[in-house]
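Notes follow the structure.
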Amino acid sequence: MNGNNNNNRKPTVINVGGASLMMLFAVLCLTVFSVLSLVYSNYQVKLTEKAVLATENYYAADTSAAEIFEALQNGDLSEATVTEENGITYYSYSVTVDADQTLDVVVANNGGALTIESWKVVNNAAEVNLFDDDAFNLWDGN
Amino acid sequence: MKRNGSSSLFLIEIVLVVLFFSICSAICINVFAISKQLSLNSENLSYGVMKVESAAECYKSVDGNLDEVASILTGASYTDDGDLRVEYDANWQPQVLSSQADETFYVVISPDGTGAAEIAVYQVAENADEDNTLFSITVKAVMAS
């Protein structure tokens, strides 16, 4: 009888049952959601960094434009383009904000008093006319 | 015998399941905490940028007059250096009465006497070290002649 027991003895194996499957499912869910939250947080960080950079660039350009305006008030016209229209002298200058934007300023000199006619950010990126036939490379069937 | 054998197999399985689950959950919870901290930092930075922009536009609109800026910005008060300071709590609400226990962020407007001013937002350090600068810009008021 003891010999039969020795012959029928099977090696110990790791059993994969319901508990293991549930654990796998739980770990899978945890992993997916943790990665998802990390990716979203990373996206938020990058978006905020872009906003910070845009704000810094704008106010740096704004400060430069204000300094040029102050120079105009002191009679220094080296940074501005002078034009005349209807008896009013206009000073125009641009300050670069970033690769695609400039801050364009137009100042009017009306009898010695300088007034700001225009102070705006202009986007100079290459425009894409969406209504052109070649705007999108669409398949025409050929 | 057979029943004891199957019980020991189940016990081994459970032990391995719990061990593996605890390791994986510890890693995942750590990732959750990191993402939460990243999200909180970017949120605070976004609010800080907005408050600095608001202060900058206010400063420019009154041609750099700090008294008028103080009257416009809620909770603004002068520091000993002559700068203007606005304090905020953890939810970015302005603190009308200065309270060190509630103050978490503050914006400082420091004019340099030439019409320009440095406007910065700081986060109060928890360990009384130097406060952390979140964002800073320099603005210049345009004074029309």
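The values are calculated or read from the model by the stated rules, or taken from the named source; none is laboratory data. Fair warning: this is a prediction, and the values are worked out from it, not measured in the lab. Because the Cβ atoms are built from the backbone with ideal geometry, glycine has one as well, and the counts that use them run over all protein chains shown. We work out accessible area using only protein heavy atoms, side chains counted, and drop any ligands, DNA or RNA first. Shrake-Rupley method; radii C 1.70, N 1.55, O 1.52, S 1.80 Å.
Remarks
- Residues that are acidic (Asp, Glu), more than 11 Å from chain B (Cβ to nearest Cβ) and part of a loop (DSSP other than H, G, I, E, B) are absent from the stretch A:104-111 altogether.
- Filter result (part of a strand (DSSP E or B), within 15 Å of B:Tyr59 (Cβ to Cβ) and open to solvent by less than 40 Å² (accessible area, probe 1.4 Å)) within the stretch B:73-90: B:Ala76, B:Leu84, B:Val86
- Per the conditions (1) among the small types (Gly, Ala, Ser); (2) open to solvent by 20 Å² or more (accessible area, probe 1.4 Å); (3) touching an Asp or Glu at 6+ places or on another chain (Cβ under 6 Å), the sole criterion not satisfied by B:Ala141 is (2).
- Taking first residues from the stretch B:43-55 that are facing chain A (nearest Cβ under 7 Å) and partners that are in a helix (DSSP H, G or I), the Cβ contacts under 6 Å between residues at least 6 apart in sequence or on separate chains come to B:Leu45/A:Thr48; B:Ser46/A:Thr48; B:Val49/A:Val52; B:Val49/A:Thr55.
- Being of a type in the set (A, V, I, L, M) and crowded, with 17+ Cβ neighbours inside 10 Å is not true of B:Ala33.
- Applying the criterion of being in contact with a Ser or Thr (Cβ under 7 Å, 6 or more places away or on another chain) and within 9 Å of chain B (Cβ to nearest Cβ) to the residues of the stretch A:60-78, the residue that is least open to solvent (accessible area, probe 1.4 Å) is A:Thr63.
- Per-region count, the stretch B:1-21, residues more than 7 Å from chain A (Cβ to nearest Cβ) and open to solvent by less than 50 Å² (accessible area, probe 1.4 Å): 1
- Scan of the stretch B:62-72 for residues that are away from chain A (no Cβ under 13 Å) and out of contact with any helix residue (DSSP H, G or I) (no Cβ under 6 Å at 6 or more places or on another chain), ordered by number: B:Asn65, B:Leu66, B:Asp67, B:Glu68, B:Ala70, B:Ser71
- Candidates B:Ser42, B:Ser8, B:Ser46: the one that is of a type in the set (S, T, N, Q), farther than 30 Å from A:Thr55 by Cβ and either more than 21 Å from the chain's Cα centre (by Cα) or assigned to a helix (DSSP H, G or I) (or both) is B:Ser8.
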